[in-house]
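K.L.:
Structure incoming, see below.
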Amino acid sequence: MTLLKSREAILFGAIALLVALVATRFPGFVVPSNLIAVFTDTSPLMILAIGQMVVILTRCIDLSVAANLALTGMVCAMINVAMPDLPIFVLICFAMVMGAALGAINGLLVWKLSIPPIVVTLGTMTIFRGVIFLLTDGKWINAHEMSASFTAFPRASLLGMPVLGWIAILVAIVMIVVMARTTLGRAIYAVGGNPHAAVYTGINVGRTQFLAFTISGMLAGLTGYLWIARYSVAYVDIAGGFELDVVAACVIGGISIAGGAGTVVGTLLGALFLGVVKNALPVVDISPFWQLAISGAAIIIAVAFNAQSGRSKGRIILKSAEHAQ
Amino acid sequence: MSMSQTTPRHIPDRLRSPMQARLMSWESLLLAVAVGIFILNTLASPYFLDAWNLSDATFNFTEKAMIAFAMALLIIAGEIDLSVASIIALASTAMGVAMEMGAGTPVLVLVGLATGMLCGAFNGALVTKLGLPSIVVTIGTMSLFRGLSYIILGDGAFRGYPADFAWFGQGYVFWVISVEFVIFALLAVVFGLLLHKTSFGRTVYAVGNNPTGALFSGIRVDRVKMILFLLTGLMSGLAAVCLTSRLGSTRPSIASGMELEVVTMVVLGGVNILGGSGSIPGVVIAAFVMGLVTFGLGLLNVPGIVMSIFIGLLLIGVIALPRLWSMWRKKRV
Amino acid sequence: MRNLGPQGADGSGDTPPVLTLDNITKVFPGVKALDGVRLDLYAGQVTALIGENGAGKSTVVKTLTGIYQPDGGQILLGGTPVPFATPQDAAKAGVTAIHQETVLFDELSVAENVFIGHAPKGRFGLIDTAAMYKKTGEILSSIGAKISPAVKLKDLSIASRHLVAIARALSVEAQVVIMDEPTAALSQTEIEELYELVDTLKAQGKAILFISHKFDEIFRIADRFTVFRDGQLVGAGIMNDVTEADLVKMMVGRSVDQLFPKREAEIGEDVLVVAGYSHPTEFEDINFTLRRGEILGFYGLVGAGRSEFMQSLIGITKPSKGAVRVGGDIRVIRSPAEAIKAGIVYVPEDRGKQGAILDMPIFQNVTLPSLHKTSNNGFVRMAEEFALAREYTERLDLRAASLDTNVGALSGGNQQKVVIAKWLATKPRVIILDEPTKGIDIGSKAAVHDFMSELAAQGLSVIMVSSEIPEIMGMSDRVIVMRDGRMVAELEGDALTPETLVRQAVGIRETGGDT
């Protein structure tokens, strides 16, 4: 029996149970349109969490994702104000490149200077936010300054679901393929699972971590545009503290902080769990102020669960014990 | 006949004197930075060298530094507590509840400290009893503790603390020397002695350098870690008392983001984020550096968010520059 | 000269070797791990690399796989020199290793483990999963392993993991396969299967380097041998030309009593009595009595459960059954701190991880378990610390620049002296030394042995875990042999011979001889 599969099943069960419980009192919660709304609302978290997952798998952590999102989003908004006619597609490409570049800064510091990832991203987190202020002088960019196409794109409906939701699905599919079917994906698991052995098999650990940060940055940049456009406002503190929700989604999704273990599907479920909680609370008339405590408790339960399933078995020397296993 | 008896060769205690070692240390570098910033500030603003202004400036770091002292020990021992700011929120909320129930100042202080200890015990138990990684545990409790505070307070606030409660955050012991500054200075001495002069301090280094080796050497590793989590909780409770007293009110968003500033202060102070090394004098100087930067830029009307760029650059720069320097030297050779 | 040289010993030098280590030297701080050694590997033949612990075998493996770069000499592949600057270079040249500790990835599937680094690519440069799983299945069935390619590695037994490692070696179509103690964790039937596998590899024309402690294995499977001692080549040739005794002589190279000046100590009363010590998976029913002034050897193959038992004796792991009596009191030892109180201390095999705190100075390492002695009301007294550290390190003839040097900067032998000094400073009743001379230079070895004798003479009881027969023979008053987690023999006096030790450790019957 593979524990990981069962773990995803448990998480899926928990989400289903949660939805069902809410539905018993408020059937309106489970109508397709609302479920789609919940999914769309959770999409930015899902995209960021997948990027974070890649980084955590390589035994690193990226605390700068929300600041990267805010900075890239702000720059996109400024470009839009300056050049309202620039096609959205170009802007999205720009957002991904810029986000990737910011992520690459983290990656380079970790790879070339061996600075612990938590220190690097703690630093870049504050720097990115500060840079937004330098760019804007603390001023907001509001909906009326943005072009209609800029704000409409993530909200445009395609087959009954906003583009934002589709992008999350697309990112998930691409990343499932990258993680399972590319050399890089396998290297990411190998580096986190057993860095020593990874070196033996000819994998460059630092370079793999660098690429993980770049991927995380790229997805943060993409989310930056989507976020700003969806809420039609850009300011310094946007998505403040969101990096912790992102890490929480990963931990709940079964990504081991020790690296090497976890899946894209688990991460998505972890993000969805948080998303469902957030959206269900107002429906069942529980104050939204409960949300923070609930996600905190969920993280602790999830990490305790991770540790239980991942407990290392001792060395088996007695032959009888080996057969009993 | 045995080698060990015939040739007892003398090994000196030390090669370099402690003085020499001190001159080459991280702390001296940091002190030079602090002095530099001080001079720059003096040149940049005529208001800088004012006793009351400088006194006000200390509030920028005293509360954070209280926590940073305990955090330094925790990080040296190879763990971390990211929930400290949330502990402040919960402790402050608990004090607010006690105040509403009519508690006087001594009880309020006790409630604050006890709540901090309880939170630290909770973190410590999860880490040592269940063997969970502290970084994730405390990201969880960070949400949990502040979440509890939000549940109790919502978007409301506690106001109306007793008048004598204000002493902790607004009182002065002597002339411009604030109560908070005195607490900070006393704690600096206490933690300095604890880490550098006691056998407990020695075990903290051993645990951080090599937990397995420490365990094999008969050190109760889990107990050391538990004590450090309790201490960090206690200091967060104390910071909550000071901050609440200074602000005169409690909101659930109190001290938000402070955990990162505390960690920054510790790392800037030369504590290795991976554990095993660091010193309290380093953290003290780092506290002054951060306070001076914030205050100096504030006098120049630079907004807080931009100051954070300097803090961020400082954090990465102080670690990156020595490494770049040694890489550059290696290339030349 | 005793250095025979490969061609000299080997009469049939008609086919040139596939791979040659020529005059390779590798130096580590304080130790010359390899000193101008030569090793030839031939296509379709198994070359056994034989030597005691610390002879340089693992350094050879790391040099061959590109992890270490030699300080002198060259590696010749088909006669031309090739630099193995990185593990990739070695892999490209067709050298692959199956390591002692199977180094693979728990969270990846069997097929991914087999093909990591060289997975078959399909469309868009993506990994062709179907082909990868199919090929893995083929390789696994070719070696008779009934393992599904899709299962995660963490769900496999140790033996199955080993087969995955072998499958990996086959998948890279290697010319040279290094098998480092491949049978250490295998059962008898699994070992038989491995032999067949090696025959298959030979038939495919691969050159195999086979590293093993077990003579029966070597005689069963090897075509050639190369013997190292203390980082030097002492002999090479064809298996048919030598006897077990010849090999042992080459390995040891000296008469046992010469190097081990064991002094007769007066053996006194019982100090430690262990009764029925058992653990669910690591060892079972360990019983013995240790007396004052005695050196009790624990012999066995690597992985026989000796270290695991010793670690439970000092409270690192909990036994499921059993009791200990120390100095007359029955004690429950739940932590190393309690063991120290009871007077039992342990010098572990893994010095860097368990023994010393490498990034802390010598004096602080020595005083770590005795801090209560060198401190007053919780405050440490530096002068007393230095005095204590000086007292014990000088007794052990430590060589160091100063007592505030970090232990990590010392040679292996001197690190070991610091660790022993640290434990002696606690004034123990029983000292357990786990592979006390592993990986340290000859000079330090002698000092450690000498000191061990002296300790016993002073009335300390010593338990010595060792895999080196000369050390066990030379130092012990009595020897307990462990195999597969159980005590299989207790030998002393005339019954204590190298042959009996090996037979008991390996598990061959008296009549068995060489199979």
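The values are calculated or read from the model by the stated rules, or taken from the named source; none is laboratory data. In this text the structure is predicted, and so the values were computed from the model without any measurement. Reconstructed Cβ throughout: ideal geometry from the backbone, glycine too, with neighbour counts over all protein chains shown.
K.L.:
Yes or no: C:Arg390 modelled with pLDDT of 90 or more, under 20 Å from C:Ile420 (Cβ atoms) and either facing chain B (nearest Cβ under 8 Å) or crowded, with 19+ Cβ neighbours inside 10 Å (or both)?
P.N.:
yes
K.L.:
While we're here: Residue check: is C:Thr374 among the β-branched types (Val, Ile, Thr) and farther than 22 Å from C:Lys427 by Cβ?
P.N.:
On the way: among the β-branched types (Val, Ile, Thr): yes; farther than 22 Å from C:Lys427 by Cβ: no.
The answer is no for C:Thr374.
K.L.:
Consider the range A:51-84. How many of its residues are under 17 Å from A:Ala152 (Cα atoms) and assigned to a loop (DSSP other than H, G, I, E, B)?
P.N.:
The number of residues fulfilling the criteria is 2.
K.L.:
Kindly state which helices (runs of 4 or more DSSP H) lie completely within the range C:338-440 and contain at least 2 residues that are under 26 Å from B:Leu193 (Cβ atoms).
P.N.:
Per the criteria, C:362-367, C:382-395.
K.L.:
List pairs: first in the range C:362-381 and at the interface with chain B (Cβ under 7 Å from one of its Cβ atoms), second part of a loop (DSSP other than H, G, I, E, B), Cβ under 6 Å, 6+ apart or cross-chain?
P.N.:
Here the result reads C:Leu368/B:Ser217; C:Pro369/B:Ser217; C:Pro369/B:Gly218; C:Pro369/C:Thr426, each pair linking the range C:362-381 to a residue that is part of a loop (DSSP other than H, G, I, E, B).
K.L.:
Here is a follow-up. Inside the range C:53-99, can you point out the residues that are within 12 Å of chain A (Cβ to nearest Cβ), of a type in the set (Val, Ile, Thr) and outside any loop (DSSP other than H, G, I, E, B)?
P.N.:
The answer is C:Val61, C:Val95, C:Thr96, C:Ile98.
K.L.:
When both residues are 6+ apart or on different chains and their Cβ atoms are under 8 Å apart, which pairs have a first residue that lies in the range C:192-205 and is surrounded by fewer than 18 Cβ atoms within 10 Å (Cβ to Cβ), and a second that is in a helix (DSSP H, G or I)?
P.N.:
Correct list of pairs: C:Tyr195/C:Arg220; C:Tyr195/C:Ile221; C:Thr200/C:Ser142.
K.L.:
Let me ask something else about it. Need a quick list: helices (runs of 4 or more DSSP H) entirely within the range B:208-305 having at least 1 residues that are away from chain C (no Cβ under 14 Å), touching a residue at least 60 places away in the same chain (Cβ under 8 Å) and not acidic (Asp, Glu). Before you say what the answer is, go through the steps one by one.
P.N.:
On the way: elements: B:211-216, B:221-247, B:258-268, B:280-299.
It comes to B:221-247, B:258-268, B:280-299.
K.L.:
C:Ala119: under 25 Å from C:Leu201 (Cα atoms), touching a residue at least 24 places away in the same chain (Cβ under 8 Å) and surrounded by 16 or more Cβ atoms within 10 Å (Cβ to Cβ), yes or no?
P.N.:
Considered against the rule, which asks whether it is under 25 Å from C:Leu201 (Cα atoms), touching a residue at least 24 places away in the same chain (Cβ under 8 Å) and surrounded by 16 or more Cβ atoms within 10 Å (Cβ to Cβ), C:Ala119 comes out as no.
K.L.:
Further question on the same structure: From (1) modelled with pLDDT of 85 or more; (2) more than 28 Å from C:Gly300 (Cα to Cα), pick out the condition that doesn't hold for C:Thr59.
P.N.:
(2)
K.L.:
While we're looking at this one, here's another question. Answer yes or no as to whether B:Ile311 is under 19 Å from B:Asn41 (Cα atoms), buried (at least 22 other Cβ atoms within 10 Å of the Cβ), within 22 Å of the chain's Cα centre (by Cα) and within 12 Å of chain A (Cβ to nearest Cβ).
P.N.:
yes
K.L.:
Here is a further query. Give me a count of the residues in the range C:393-425 that are on the phi < 0 side of the Ramachandran plot and at the interface with another protein chain (Cβ under 8 Å from one of its Cβ atoms).
P.N.:
Of the residues in that region, 13 qualify.
K.L.:
Can you work out which of the residues in the range B:143-174 that are part of a helix (DSSP H, G or I), facing chain A (nearest Cβ under 7 Å) and not polar (S, T, N, Q) is farthest from A:Ile118 (Cα to Cα)?
P.N.:
B:Ile151
K.L.:
Anything in the range A:264-312 that is within 21 Å of B:Ile152 (Cα to Cα), facing chain B (nearest Cβ under 10 Å), among the polar types (S, T, N, Q) and buried (at least 18 other Cβ atoms within 10 Å of the Cβ)? List them, or say none.
P.N.:
Passing the criteria: A:Gln291, A:Ser295.
K.L.:
With the condition kept exactly as written, say whether any residue in the range B:138-156 is surrounded by fewer than 24 Cβ atoms within 10 Å (Cβ to Cβ), under 20 Å from the mean Cα position of the chain (by Cα), within 11 Å of B:Ala91 (Cβ to Cβ) and not polar (S, T, N, Q).
P.N.:
No, the range B:138-156 contains no residue that is surrounded by fewer than 24 Cβ atoms within 10 Å (Cβ to Cβ), under 20 Å from the mean Cα position of the chain (by Cα), within 11 Å of B:Ala91 (Cβ to Cβ) and not polar (S, T, N, Q).
K.L.:
Identify all residues within the range A:175-202 that are closer than 19 Å to C:Gln88 by Cβ, more than 7 Å from chain C (Cβ to nearest Cβ) and buried (at least 22 other Cβ atoms within 10 Å of the Cβ); write none if there are none.
P.N.:
Passing the criteria: A:Ala187, A:Ile188, A:Val191, A:Ala198.
K.L.:
Something else: Do we find that C:Ile147 is at pLDDT below 80 and farther than 30 Å from C:Phe28 by Cα in this structure? Spell out the reasoning first.
P.N.:
Details: at pLDDT below 80: no; farther than 30 Å from C:Phe28 by Cα: yes.
Answer is no for this residue.
K.L.:
Among the residues of the range C:321-337, how many are within 14 Å of chain B (Cβ to nearest Cβ) and either exposed (fewer than 14 other Cβ atoms within 10 Å of the Cβ) or in a helix (DSSP H, G or I) (or both)?
P.N.:
The qualifying residues number 3.
K.L.:
A further question follows. Of the numbered conditions (1) modelled with pLDDT under 95; (2) more than 14 Å from chain C (Cβ to nearest Cβ), B:Leu186 satisfies every one except a single condition; which is it?
P.N.:
Among (1) modelled with pLDDT under 95; (2) more than 14 Å from chain C (Cβ to nearest Cβ), B:Leu186 violates only (1).
K.L.:
Separate question: Checking B:Ala320 against (1) surrounded by fewer than 18 Cβ atoms within 10 Å (Cβ to Cβ); (2) farther than 18 Å from B:Asn60 by Cα; (3) free of Cβ contacts under 8 Å to residues at least 24 places away in the same chain; (4) touching a helix residue (DSSP H, G or I) at 6+ places or on another chain (Cβ under 9 Å), which single condition isn't satisfied?
P.N.:
Going through the list (1) surrounded by fewer than 18 Cβ atoms within 10 Å (Cβ to Cβ); (2) farther than 18 Å from B:Asn60 by Cα; (3) free of Cβ contacts under 8 Å to residues at least 24 places away in the same chain; (4) touching a helix residue (DSSP H, G or I) at 6+ places or on another chain (Cβ under 9 Å), B:Ala320 breaks only (1).
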